[in-house]
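Asker: Here you go, one structure.
The values are calculated or read from the model by the stated rules, or taken from the named source; none is laboratory data. None of the values given here were measured: they were computed from a predicted structure. Every residue, glycine among them, receives a Cβ derived from its backbone with ideal geometry; neighbour counts consider all protein chains shown.
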Amino acid sequence: MSRSSLHEQFRIAYAQLNEQQRKAVDTIEGPVMVIAGPGTGKTQILASRIGKILLDTDSLPENILCLTYTDAGVVAMRKRLLQFIGPDAYKVNIYTFHAFCNDVIQENLSLFEKTAMDPISDLE
């Protein structure tokens, strides 16, 4: 998909946002808190915000961290980003909170005086 068609996909999605959603997407400096129930567009807002940051600034996709609660959320976010930024979506760090914390611990085992993590239960 060409860069111009990616911009077009983003423009179409952006046009479908309401005023408050656009405000969240347009605020690319600093934190934004979105409080909303299920199915109200939180994933769309976050994907749009990441898309806007990557399309409008010189930020690199590998410098963005996106955390979600579920594996399904990770998949949904990646699919939305693919529509907005193309293959660079695979460079954005998208994790569940659990997976991200696990990676941080695994990369810093020496800080925990460990060489490997002990299983939490016999099921692992």
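Asker: Please identify the pairs in which a residue from the range 84-111 that is over 18 Å from residue 43 (Cα atoms) has its Cβ atom under 7 Å from the Cβ atom of a residue that is assigned to a loop (DSSP other than H, G, I, E, B) and not aliphatic (A, V, I, L, M), counting only partners at least 6 apart or on another chain.
Answerer: Note: pairs meeting the criteria are 109/115.
Asker: Here is a further query. For residue 88, are the conditions met, namely being modelled with pLDDT of 90 or more, in a helix (DSSP H, G or I), under 23 Å from residue 4 (Cα atoms) and of a type outside the set (A, V, I, L, M)?
Answerer: Here the answer is yes, as residue 88 does meet what is asked.
Asker: Going by the structure shown, is residue 49 over 30 Å from residue 116 (Cα atoms), at pLDDT below 90 and not small (Gly, Ala, Ser)?
Answerer: no
Asker: Let me ask another. When the residues of the range 1-35 are filtered to those that are modelled with pLDDT of 90 or more and small (Gly, Ala, Ser), which remaining residue is farthest from residue 72 (Cα to Cα)?
Answerer: Per the criteria, the residue is 15.
Asker: Considering 101, 66, which residue is out of contact with any helix residue (DSSP H, G or I) (no Cβ under 7 Å at 6 or more places or on another chain) and not polar (S, T, N, Q)?
Answerer: 101
Asker: Which numbered condition trips up residue 57, out of (1) surrounded by 12 or more Cβ atoms within 10 Å (Cβ to Cβ); (2) among the β-branched types (Val, Ile, Thr); (3) closer than 20 Å to residue 8 by Cα?
Answerer: Failing condition for residue 57: (1).
Asker: Further question: Please name all residue pairs, on different chains or six or more residues apart, with Cβ atoms under 7 Å, provided the first residue is in the range 1-26 and is under 19 Å from residue 87 (Cα atoms) and surrounded by 11 or more Cβ atoms within 10 Å (Cβ to Cβ) and the second residue is modelled with pLDDT under 95 and charged (D, E, K, R).
Answerer: From residues that are under 19 Å from residue 87 (Cα atoms) and surrounded by 11 or more Cβ atoms within 10 Å (Cβ to Cβ), there are no pairs.
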